Amino acid sequence: MEEQVRRVRDHEVGQARLEEAAKHRRQLAEAREELERVHAERLRKLRAREESQLERVRAAESALERAAYDHRQRLAAEHEKLREAKEEAHREETERAMNRAREEEDLKRRESEIKSKESSWSMRYAELSAEAEERALARRRETETEAERRLEMIKTK
């Protein structure tokens with residue numbers, strides 16, 4: 001009987017050990033599953049946070065690129081305005097210079113015309129003066145001749 005008790009006891013102890021080992025394996029498996037679940041959750045959160053940060057970085061990069069593009073566009077527009085203003089100033093200066101040259105030519109032409117007219121008038125004045133003197137002289141001679149003739153007529157009478 002002792003042998004049977006010992007066998008039963010050995011068997012029960014073996015069974016208890018097997019049950020304890022199985023229980024321990026289950027606990028280990030549950031603990032591993034819990035760790036894997038916690039790890040998976042942490043990994044998911046980490047990836048979500050990483051994705052969120054990447055999205056913020058992309059948004060910041062996009063905003064920076066837009067700002068840089070807008071800045072380049074403003075600079076290009078300002079450069080274009082400056083170029084157009086320079087062209088306009090150059091065109092106006094050229095136009096003013098051409099107008100001045102034209103006005104100077106017109107002034108010289110008018111001065112030349114006036115000098116020519118003055119010269120022509122001076123010559124005409126000289127001609128008319130000479131003519132008037134000749135007429136006056138001729139008239140005086142006529143008058144003198146007429147006076148002499150009348151005197152002669154008076155003397156002969």
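Coordinate-derived values only; no laboratory data. Here the structure is a predicted model, which is why all the values come from computation and not from measurement. Backbone-built Cβ (ideal geometry, glycine too); neighbour counts: all protein chains shown.
Between helix 2-156 and the chain there is an angle of about 0 degrees, using the helix long axis and the longest principal axis of the Cα atoms.
Counting every pair of alpha carbons in segment 11-50, the share spaced more than 16 Å apart comes to 53 percent.
Please give the charge dipole size of segment 23-157, origin at the Cα centre, charges +1 on K and R Cβ atoms and -1 on D and E Cβ atoms. Round to the nearest 20 debye. Show your work: numbers first, answer last.
Numbers: 36 positive and 35 negative charges, 220 e Å.
Computed charge dipole of segment 23-157: roughly 1060 debye.
Between GLU65 and ARG83, the distance separating the two model label sites (each 7 Å from Cα on the Cα→Cβ line) works out to 2.6 nm. Partners of LYS108 within straight-line reach, counting lysines whose Cα lies under 19 Å from its Cα and excluding those fewer than 8 residues away in the same chain: LYS117. Based on Cα atoms of segment 11-157, Rg over Rh with Rh as the Kirkwood radius reads 2.10. Selection among VAL38, ALA130, HIS11 by position relative to the dipole of the chain gives HIS11 as farthest towards the positive end (Cβ unit charges, Cα centre).
Spin-label model, LYS155 to ASP106: label points 7 Å out along the Cα-to-beta-carbon direction sit 7.1 nm apart.
In a fully extended conformation the segment linking GLU95 and ARG44 would gain 10.9 nm over its present Cα-Cα distance, using 0.36 nm per residue. Remark: spin-label model distance ARG124-ARG58 equals 9.5 nm, labels positioned 7 Å along the Cα→Cβ axis.
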